[in-house]
Amino acid sequence: MGSIPLDFLRLAFWILVVLAITAGMLVLTHLLGPRRPDPTKSSPYECGFPPFHDARKRLSVRFYTIAMIFLIFDVEVALIYPWAVVHRDMGTLGFVEILIFLVILFAGYIYVILRRAVEVER
């Protein structure tokens, strides 16, 4: 066993421990868990309301567009908060970088508005 470093053996041991615990939890949950199916648990969930159409119904492309726009601006907020915490330590270069970032995102926002991607159909 001289060719395998001791650190790798320790790592392999902990990986096996984690896998054993995970498998044990899954088996115990399957064996001891309650089995009480009912129609409410089996129905698709739509914000607490009963489903009003088939779950396999095709959605409009507008739905996916709005979802992607939400994700883009959500990531923007997630990136601006850490910058706001350390902006004084970053100096002028950090300010210019975040300014470029915001200009690019603002250009995307203007593009979305001009394409009328977020207007509600009536």
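A few remarks follow.
- Cβ-Cβ contacts under 6 Å between residues 6 or more apart (or on different chains), taken from a first residue in segment 87-115 that is under 17 Å from Ile72 (Cα atoms) to a second residue that is β-branched (Val, Ile, Thr), are listed as Val112/Ile69.
- Filter result for the condition that a residue is at pLDDT 80 or above and of a type in the set (D, E, K, R), over Asp54, Asp38, Asp74: Asp74
- Only one entry in Leu99, Leu93, Leu79, Leu59 is in a helix (DSSP H, G or I), on the phi < 0 side of the Ramachandran plot and either within 22 Å of the chain's Cα centre (by Cα) or modelled with pLDDT under 85 (or both), namely Leu79.
- Single unsatisfied condition, Ala20 versus (1) in a helix (DSSP H, G or I); (2) modelled with pLDDT under 75: (2)
- Residues of segment 86-122 that turn out to be of a type in the set (D, E, K, R) and surrounded by 10 or more Cβ atoms within 10 Å (Cβ to Cβ), as a count: 2
- Flag for Ser3 being modelled with pLDDT under 90, closer than 30 Å to Lys57 by Cβ and among the polar types (S, T, N, Q): no
The values are calculated or read from the model by the stated rules, or taken from the named source; none is laboratory data. Small disclaimer: the values here were computed from a predicted structure and weren't measured. Using ideal geometry, Cβ is built from the backbone for each residue, glycine included, and neighbour counts are taken over all protein chains shown.
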